[in-house]
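The values are calculated or read from the model by the stated rules, or taken from the named source; none is laboratory data. Because the structure is predicted, anything quoted here is derived from the model rather than measured. Heads up, the Cβs are rebuilt from the backbone with ideal geometry, glycines too, and the neighbour counts pull from every protein chain shown.
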Amino acid sequence: MSPGASRVENAEVARIFREVAELLDIQGANAFRIRAYRNAARAIEEWPAPIGPMARKQPAQLTDIPGIGADLAGKIGEIVKTGRLHLLAELARASPRGAVELLRVPGIGPRRARVLAEDAGVRTLEGLARAARAGRLRGLPGFGARSEQAILRHLAQPAALGDHRMLRATAVPYAQALVEHLRAVAPARAIEVAGSYRRRRDTVGDLDLLVASDTPKRVVERFTSYPGVVEVMARGATRAAIRLASGLQVDLRVLAPACWGAGLYYFTGSKAHNIAVRKLAAARGLKVNEYGVWRGARQVGGAREQDVFDAVGLPWIPPELREDRGEIEAAQAGTLPRLVEAKDLRGDLQCHSTDSDGHDTLETMARAAEERGYAYLAITDHSPSVRVAQGLDRRGFLAQMRRIDRLNAKLKTLTVLKGAEVDIHADGTLDLDDDTLAALDIVLVAIHSKFELPAREQTRRVVMALSHPSVDVFAHPTGRAIGRRAPVAFDLAAVVRAALEHGVMLEVNAQPERLDLDDVRCRAAIEGGARITIGSDAHSTDELALLPFGVDQARRGWARQADVANTRPLAGLLKLLHGGR
DNA sequence: GCCGTTTTCGGCCCGACTGTTTTCAGTCG
């Protein structure tokens, strides 16, 4: 296997470890052993380097990965070498068949799954529904008539079943409408959407809504009476959970104002980050929970989020970085990056017009960008081989360039850059002739076909494309479509080296279903010395507004202003495009 | 199963809500 198969191997090892954890859980194994497998899965998934070559060439280095000790290092070796894990097969044999499937139902954890599978012979979700309808569950230990009803309710709602995440961008309007609804019982500054939404992850599992209030009852009442509610899943004195018609679950927590900062911190997460910070607090004889910072029974902080960081001697860490991926260590060392902000961007480096698959004309796009206050907009229509997009050929691009010249003469504050999004053929050659490429201001190259090439070939293909002298940007590099298409397999380190060598920048594409490069790869690219661009890939004037989602992802990838080419004024950007630094 | 400025053994984050119980286990975040 080539090193480029890496991502697949990392993901595969992580998947196997998660399965081991679930089976151990069902068997009632030691909770910390189970956690060790889950932690390891996450660490491997996020480890930027290919784990396969590592396991083969320097197996001792595997224990450098946090959460991997001698035992798990050996198991990684086994998976990389044989493609399977003996322990997993053994656990599967010893576990009640079908129990893992049942874990997807909300309210069914390892204990109840085991009871269902062993005592009631339930093997599938269909079998579970049948048993619940027949009233065969209520006799089981821990089950009653109400459990049966809850299970049937969840099974009738496919969106309620586990591992359904929604694009964050899709969740934004839902979140805003709910916040607006709650404004009747709390001022805007006392309402916040926390969780992965606040950390700006690409997807959200649910929404965590926080409200600071001295009258929690009123807030809970207002929340559960939201018109969009299809189910009130829980309702307590200070907490509640609802489900919306879209399947989106929203959790509410009402916090006393004196606890606001601690609660906001706590529910922003991530869980791994919180645990790491709480350990720091414990080492100082403090306890951090959602109600505050405590020394014994005395609250010593918690009204402001900064109180939590003060308690452990850290500067404020932006939510986007709170993943326990080194941000705590960086904060301690004073080396936290000052992250790029949406207002830093001076223009947009990828969009389309009616000349290929866009909905608005060249001039309409340019006027819309000018209205946004941009200094420049790159029009990057498709090359001919992307047939569904009706790409332009040489003549088409030359004609468009002349029209751009005329348009630029009319525009006051915006410069339109002549660009193209050129398809990379399977053999690494480009879908446009050298002369036309040389005449463009900015050349993006991208993969639109042959996503499934083996890693070695994919890497060779990309490296060859990036070595073309006219190429400026590698657009949506991995081609992922969140929830639909996995990232292509290439050796990211090799691609970053090629990008550096040939002065090519890597794009963070702002389309909500792409967000490509993703956070982890963006960070690896920047740490490898590459520069990035952020492009909306807008196919209409409306979509120019997507750019901030790209900024979010870049921030999660530790990008500073200087790492992002389109924070530069036009002159500085052109210098970069002409091969300068 | 991991990990170490308190430790190579003995810790490992912490609290709310539900449904089943009759004082709590399971689940969730």
Quiz item: Looking at segment A:370-403, which of the residues that are part of a strand (DSSP E or B) and among the hydrophobic types (A, V, I, L, M, F, W, C) is farthest from A:L440 (Cα to Cα)?
Solution: A:L377
Quiz item: Out of the residues in segment A:169-199 that are touching a Phe, Trp or Tyr at 6+ places or on another chain (Cβ under 8 Å) and more than 26 Å from A:E513 (Cα to Cα), which is surrounded by the most Cβ atoms within 10 Å (Cβ to Cβ)?
Solution: A:L182
Practice problem: Hand me the list of helices (runs of 4 or more DSSP H) wholly inside segment A:513-581 holding 3 or more residues that are under 25 Å from A:S353 (Cβ atoms). | Solution: A:547-556, A:570-577
Self-check item: Among the residues listed as A:A113, A:A89, A:A94, A:A134, the single one being surrounded by fewer than 17 Cβ atoms within 10 Å (Cβ to Cβ) and under 22 Å from A:A14 (Cβ atoms)
Solution: A:A89
Self-check item: When residues of segment A:237-269 are limited to those that are within 10 Å of DNA strand B (Cβ to nearest atom), out of contact with any Phe, Trp or Tyr (no Cβ under 9 Å at 6 or more places or on another chain) and in the same structural domain as A:E305 (by TED's automatic domain parsing), the one nearest to A:N39 (Cα to Cα)
Solution: A:G269
Exercise. Residue by residue through segment A:133-159, note down the ones that are among the polar types (S, T, N, Q) and either within 12 Å of DNA strand B (Cβ to nearest atom) or part of a helix (DSSP H, G or I) (or both).
Key: A:S147, A:Q149
Self-check item: Condition broken by A:R84, with the remaining ones in (1) within 14 Å of DNA strand B (Cβ to nearest atom); (2) over 22 Å from A:R521 (Cα atoms) satisfied
Solution: (1)
Practice problem: Would you mind stating whether A:G228 is within 22 Å of A:R153 (Cα to Cα) and away from DNA strand B (no atom under 13 Å from the Cβ)? | Solution: yes
Exercise. Could you tell me whether A:A499 is without any contact (Cβ under 8 Å) to a residue 40 or more places away in the chain and in contact with a strand residue (DSSP E or B) (Cβ under 9 Å, 6 or more places away or on another chain)?
Key: yes
Quiz prompt | Unique match (being of a type outside the set (F, W, Y), touching a residue at least 40 places away in the same chain (Cβ under 8 Å) and in a loop (DSSP other than H, G, I, E, B)) among A:A92, A:A49 | solution = A:A49
Quiz item: How about segment A:404-442: which of its residues are part of a strand (DSSP E or B) and either in contact with a Gly (Cβ under 7 Å, 6 or more places away or on another chain) or more than 18 Å from A:S356 (Cβ to Cβ) (or both)?
Solution: A:T415, A:I442
Practice problem: Give the residues of segment A:562-571 that are surrounded by 14 or more Cβ atoms within 10 Å (Cβ to Cβ) and over 23 Å from the mean Cα position of the chain (by Cα), sorted by residue number. | Solution: A:R568, A:L570
Quiz item: When only residues in segment A:230-250 that are in contact with a Lys or Arg (Cβ under 7 Å, 6 or more places away or on another chain) and part of a strand (DSSP E or B) count, which is surrounded by the most Cβ atoms within 10 Å (Cβ to Cβ)?
Solution: A:Q249
Quiz item: Would it be correct to say that A:A177 is within 16 Å of A:D251 (Cα to Cα) and more than 10 Å from DNA strand B (Cβ to nearest atom)?
Solution: yes
Quiz item: So which pairs qualify, if the first residue must be in segment A:279-303 and within 24 Å of A:V254 (Cα to Cα), the second must be within 12 Å of DNA strand B (Cβ to nearest atom) and part of a loop (DSSP other than H, G, I, E, B), the Cβ gap must be under 7 Å, and the two must be at least 6 apart or on different chains?
Solution: A:V293/A:L286; A:W294/A:L286; A:R295/A:G285; A:R295/A:L286; A:G302/A:Y291
Practice problem: Determine whether A:V308 is in contact (Cβ under 8 Å) with a residue 24 or more places away in the chain, within 30 Å of A:H448 (Cβ to Cβ), buried (at least 21 other Cβ atoms within 10 Å of the Cβ) and β-branched (V, I, T). | Solution: no
Quiz prompt | Near pairs, Cβ below 9 angstrom, 6+ apart or cross-chain, from segment A:135-158 (touching a residue at least 40 places away in the same chain (Cβ under 8 Å)) to any residue that is among the basic types (K, R) and more than 9 Å from DNA strand B (Cβ to nearest atom) | solution = A:Q157/A:R243
Quiz item: For A:A499, are the conditions met, namely being surrounded by fewer than 23 Cβ atoms within 10 Å (Cβ to Cβ) and within 15 Å of A:E527 (Cα to Cα)?
Solution: no
Quiz prompt | Verdict on A:A554 being under 30 Å from A:I317 (Cβ atoms), at pLDDT 95 or above and surrounded by fewer than 24 Cβ atoms within 10 Å (Cβ to Cβ) | solution = no
Exercise. Filter segment A:180-217 down to residues that are away from DNA strand B (no atom under 15 Å from the Cβ) and among the aliphatic types (A, V, I, L, M) and give me whichever is nearest to A:T268 (Cα to Cα).
Key: A:I191
Quiz item: Just for segment A:96-118: of the residues that are more than 17 Å from A:R146 (Cα to Cα) and in a loop (DSSP other than H, G, I, E, B), which one is farthest from DNA strand B (Cβ to nearest atom)?
Solution: A:R97
Practice problem: Could you tell me which numbered condition A:R278 fails, if it satisfies all but one of (1) in contact with a Leu (Cβ under 8 Å, 6 or more places away or on another chain); (2) under 28 Å from A:G107 (Cα atoms); (3) not assigned by TED's automatic domain parsing to the domain that holds A:H181? | Solution: (1)
Quiz item: For A:V172, which of the numbered conditions (1) away from DNA strand B (no atom under 15 Å from the Cβ); (2) in contact (Cβ under 8 Å) with a residue 24 or more places away in the chain; (3) within 20 Å of A:F549 (Cβ to Cβ) fails to hold?
Solution: (2)
Self-check item: A:A276 vs. criteria surrounded by fewer than 20 Cβ atoms within 10 Å (Cβ to Cβ), within 10 Å of DNA strand B (Cβ to nearest atom), within 30 Å of A:A562 (Cα to Cα) and not acidic (D, E)
Solution: yes
Quiz item: Can you name the condition, by its number, that A:A258 falls short on among (1) under 30 Å from A:A184 (Cα atoms); (2) of a type outside the set (S, T, Y); (3) without any contact (Cβ under 8 Å) to a residue 12 or more places away in the chain?
Solution: (3)
